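Have a look at the structure below before the remarks.
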Amino acid sequence: MSDTKTFLITGVSTGLGRALARAALAAGHRVVGTVRTPADARAFEALAGDAHARILDVTDHDAVDTVVDDTERDLGPVDVLVANAGYGHDGLFEESSMDDLRRQFEVNVYGTVAVIKAVLPHMRERRSGHIIAVTSMGGLITMPGLSFYHGSKFAVEGILETLGKEVADFGIHVTAVEPGSFRTDWSGRSMIRAPRVIADYDELFEPLRARRIHGSGHQPGDPDKAAAAVLRIVATDQPPTRLLLGPDALQLVQAGRDAFERDMLAWAELSASTDFDDVSRSA
């Protein structure tokens, strides 16, 4: 049986999506990559290998269905979906609008779900496939000024974990890939920043925003190494439910889990005090 697979990767113009597409093409796989403009489509199809560009806005759910169905008909079964398209919203909760929240969820959550829902029936019918979504270490831990972004990634984490349990009997694997700080455009071109209007937050937030702006392009993570890691789990029979990428992600998520456990244990007696008195408890 051939190890060559057909990948559908959303958001291949830059960043991790681009790196993963290049790596998959170099490994001999077919890659259908979604982009936003004709120029990006031409640039993607100019890459060496079996590259096929599709212009797509993941918030156009009818177009998502069309791209997936056309890919299945014209190029064959999608073996691996990588839902990568998304962006970051940098802004304090009180300074960010409801429209900001809607746009963040429309792309990061609804767009991701739309692509998965379009691919899933085909994979279920074949009883095989691997669904991967690029979330973030920010889907497991939080930092000031990213509440809407974190909310979107926490939502995707919960959806993916549940989906994995629902489709496991169909031979479909589901993995959340959670990068730390990688040298991509996430904190540059791919980030929307809310205007500053409340001086009370200056001391907390101004240094954080400045650090994100000036750190763009200098992050420690290598997108090509991240792509190689994702290809490695695609090649395994039992891929992980979650894959953290980067030493910073490992450190920060572990610290977050430790803080959660401390709170849980400190308040365990109160947490356990809420049943009716006549409910028996095992020791």
_Accessible surface, the chain, averaged per residue in Å² (probe 1.4 Å)_ = 54
*asked:* For a protection proxy built on the mean count of beta-carbon atoms within 10 angstrom, sort 126-135, 68-77, 239-248 highest first, please.
replied: 126-135, 239-248, 68-77
*Give the span of the range 113-178's Cα atoms along each principal axis, as three whole-Å numbers ordered largest to smallest.*
43, 18, 14
_Long-range Cα-Cα pairs in the range 32-175 (distance over 21 Å), rounded percent_ = 48
*Longest to shortest principal axis, alpha-carbon extents of the range 76-161, angstrom*: 47, 23, 16
*asked:* Students often check this: by mean Cβ neighbours within 10 Å, which of 264-273, 9-18, 193-202 ranks highest, and how do the rest follow?
replied: 9-18, 193-202, 264-273
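Once you have a ≥ b ≥ c as the square roots of the Cα gyration tensor eigenvalues for the range 1-58, tell me rounded if a/c is under 1.5, and otherwise prolate or oblate according to whether a/b is larger than b/c. Walk me through the numbers on the way to the answer.
Values: a/c = 1.91, a/b = 1.78, b/c = 1.08.
It comes out prolate by the Cα gyration axes.
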_When only alpha-carbon atoms are used, what values of Rg and Dmax, in angstrom, describe the chain?_
20.4, 70
*Express the carbon and sulfur contribution to the solvent-accessible surface of the chain as a percent, rounded to the nearest whole number, probe 1.4 angstrom.*
54
*Segment ASP277-ARG42, length gained on full extension (0.36 nm per residue, minus Cα span)*: 77.8 nm
*Quick one: accessible surface of LEU92, probe radius 1.4 Å, all protein chains present, in square angstrom to the nearest 10.*
10
*For the chain, find the longest principal axis of its Cα atoms and tell me its angle to the long axis of helix 202-215, 0 to 90°, nearest 10.*
20
_What number does the range 229-277 give for Rg over Rh if you use C-alpha atoms and the Kirkwood radius?_
1.26
*Please work out how much length the chain gains when fully extended from ASP50 to ASP69, using 0.36 nm per residue of separation minus the C-alpha to C-alpha distance, in nm with one decimal.*
5.0 nm
*In deg cm²/dmol and to the nearest 500, what is the mean residue ellipticity at 222 nm of the chain if only DSSP H runs of at least 4 residues count, each as -39500 (n - 2.57), divided by the residue total?*
-14500 deg cm²/dmol
*Taking the convex hull of the alpha carbon atoms in the range 28-77, what volume per residue do you get, in Å³?*
67
*Backbone N under 13 Å from the GLU161 label point (7 Å along Cα→Cβ), restricted to the range 112-147*: 139-141
*Label ILE233 and ASP60 with points 7 Å out from Cα along Cα→Cβ: what is the distance between them in nm?*
3.1
_Computed magnitude of the charge dipole of the chain (debye, nearest 20; Cβ of K, R +1, Cβ of D, E -1)_ = 1000
*When averaged across all projection directions, what area in nm² does the alpha-carbon convex hull of the range 196-243 cover?*
5.5
_Cubic angstrom per residue, convex hull over Cα atoms of the range 100-215_ = 107
*Nearest 0.05, what FRET efficiency do ALA26 and ASP222 give at R0 = 22 Å with Cβ-Cβ as r?*
0.90
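The values are calculated or read from the model by the stated rules, or taken from the named source; none is laboratory data. Keep in mind that what you see is a predicted model, and the values were worked out from it rather than measured. Virtual Cβ from ideal backbone geometry, glycine too; neighbours counted across all protein chains shown. Heavy atoms of the whole protein, side chains included, go into the accessibility calculation; ligands, DNA and RNA do not. Shrake-Rupley method; radii C 1.70, N 1.55, O 1.52, S 1.80 Å.
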